[in-house]
Amino acid sequence: MPTPERREAERLFALMQAEGALPVEADTLLPAETLLDLYGEDLRARAYVTRDPERGEMMLRPDFTVPVVQRHMAEGAEPARYTYCGTVFRKQEPGSGRSTEYMQVGYEVFDGTAPAQTEAQLFALIRRALDGLSLRAATGDIGLLLAAVEGLDTSDRRKAALRRHIWRPRRFRALLDRYRGRTPAPAHRAGLAALSPEARLTALEEAGPLIGLRSADDILARLDVFAEDAALPPIPDLQAEVLEDILALRGPARQALERLRDGAVDLPALEPAVVRFAERLDALEIEGVDTTTLDFEASFGRTAMEYYDGFVFGFHAPARPDLPPVATGGRYDALTRVLGQGRAIPAVGAVIRPGLVAALRGEEA
């Protein structure tokens, strides 16, 4: 007899197919190299890694999105919609009580014809799938943060570092404070940056034999970067304050839109992202979502959704703060560019955890 989780998974899977999605599967073992290239070595702490004698380092499937995107970029044509149902595997903190393997049902859309409408339709679909549960919806927009970073008057190298660490809030904060001139660079770095090119070479020669994979040229090039960064002026206060305001922005989505429009006056590079935000709110209204009460948090998704680069959302159970999100989703155009080797396709997707849905339905019955 199917478990409540399995029955819920089958219901959700059928619902996604009824919306026109093609059912797909993904291997349980995936090449670790691709996933580590995308997420960095930090992923090892959250995933199960093994070594296959023939295929090399492999990883138990931590999610479905990457293999589905790979398949579509290699074989698919747009527009396309896919759905999947299966188990994913995640390491958990000892004593957390969270499952190391659980089912996901997902829905992925590859379609660039009407981005705002596609995002709104996806959100509305997930909301309908969770109908009857006492859940809170939270929304965000990583694209606003990316646009704000791009508009800063600073070097491309600094902007690249900030973009890379948007999903690591503490590191992002430390970099922003340093680039604003609020905190100094680490003392050893500042000392090396102050050396003349000749003095750097002498210091390297006197340091003894090289240890590790970096060559002398690599090290000297890195010291040049330190020196270039030390010579740059701070990020202008007004621009940094706009970015700070966005990071802290939280409230009803329509009110957030007005704040963002004010910010775009001082940081014009923000304007296209604000226009997309407004278009999305209008599309959500058409789907029956009240955006005057819809929660918006500009920093939402920064710690758990690394491949999302635009609209993000999640559904949480306020009465069960111990539970992870019941569903999450968003836009991941940049991921398709990476996996498509430069060829990008606008894409959005979402996943639901049927085990959590079944548990909450049981509690609320």
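The values are calculated or read from the model by the stated rules, or taken from the named source; none is laboratory data. These numbers come from a predicted model, not from an experiment. Please note: Cβ atoms are built from the backbone with ideal geometry, for glycine as well, and neighbour counts cover all protein chains shown. Only protein heavy atoms, including side chains, enter the accessible area calculation; ligands, DNA and RNA are left aside. Shrake-Rupley method; radii C 1.70, N 1.55, O 1.52, S 1.80 Å.
Any chance you could count how many residues in the range 162-174 are buried (at least 18 other Cβ atoms within 10 Å of the Cβ) and either at pLDDT 95 or above or not in a loop (DSSP other than H, G, I, E, B) (or both)?
Result for the range 162-174: 2.
Give me the pairs: first residue in the range 148-166 and closer than 15 Å to Asp237 by Cα, second residue in a helix (DSSP H, G or I) and polar (S, T, N, Q), beta-carbon distance under 9 Å, and six or more apart or on different chains, which are they?
Pairs found: Ala148/Gln239; Gly151/Gln239; Leu152/Gln239; Asp153/Gln239; Thr154/Gln239.
Please go through the range 107-142 and give me each residue that is farther than 17 Å from Ile286 by Cβ, in contact with a strand residue (DSSP E or B) (Cβ under 7 Å, 6 or more places away or on another chain) and of a type in the set (Gly, Ala, Ser), ordered by number.
Ala129, Ala138, Gly140
Just for the range 175-189: of the residues that are in a helix (DSSP H, G or I) and open to solvent by 50 Å² or more (accessible area, probe 1.4 Å), which one is modelled with the lowest pLDDT?
Checking each candidate, the answer is Ala187.
Residues that are in contact (Cβ under 8 Å) with a residue 40 or more places away in the chain and farther than 21 Å from Gln117 by Cα: which strands (runs of 3 or more DSSP E) entirely in the range 286-365 hold 1 or more of them?
311-316
Looking for whichever is closer than 21 Å to Val66 by Cα and in contact (Cβ under 8 Å) with a residue 40 or more places away in the chain here; the options are Arg6, Arg51, Arg46. Which one fits?
Result: Arg46 is the single residue among Arg6, Arg51, Arg46 that is closer than 21 Å to Val66 by Cα and in contact (Cβ under 8 Å) with a residue 40 or more places away in the chain.
For every residue, the table says whether it meets (1) under 22 Å from Thr154 (Cβ atoms); (2) open to solvent by less than 50 Å² (accessible area, probe 1.4 Å); (3) at pLDDT 65 or above.
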position: Glu205; (1), (2), (3): no, no, no
position: Gly208; (1), (2), (3): no, yes, no
position: Ala216; (1), (2), (3): no, yes, no
position: Ile219; (1), (2), (3): no, yes, no
position: Asp224; (1), (2), (3): yes, no, no
position: Glu228; (1), (2), (3): yes, no, yes
position: Ala231; (1), (2), (3): yes, no, yes
position: Glu241; (1), (2), (3): yes, no, yes
position: Pro252; (1), (2), (3): no, yes, yes
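Starting from the range 71-97, keep only residues that are more than 18 Å from Thr34 (Cα to Cα), then list their pairs with residues that are of a type in the set (Gly, Ala, Ser) and assigned to a helix (DSSP H, G or I) whose Cβ atoms are within a distance under 9 Å, requiring at least 6 positions of separation or different chains.
Cys85/Ala9; Gly86/Ala9; Lys91/Ala45
Here is a check on your reading of the model: is Asp27 at pLDDT 85 or above, closer than 18 Å to Val88 by Cα and more than 21 Å from the chain's Cα centre (by Cα)?
yes
So which of Ala327, Ala347, Ala317, Ala283 ends up being of a type outside the set (Val, Ile, Thr), surrounded by fewer than 23 Cβ atoms within 10 Å (Cβ to Cβ), farther than 20 Å from Val149 by Cβ and touching a Leu at 6+ places or on another chain (Cβ under 8 Å)?
Selected residue: Ala317, the only one of Ala327, Ala347, Ala317, Ala283 that is of a type outside the set (Val, Ile, Thr), surrounded by fewer than 23 Cβ atoms within 10 Å (Cβ to Cβ), farther than 20 Å from Val149 by Cβ and touching a Leu at 6+ places or on another chain (Cβ under 8 Å).
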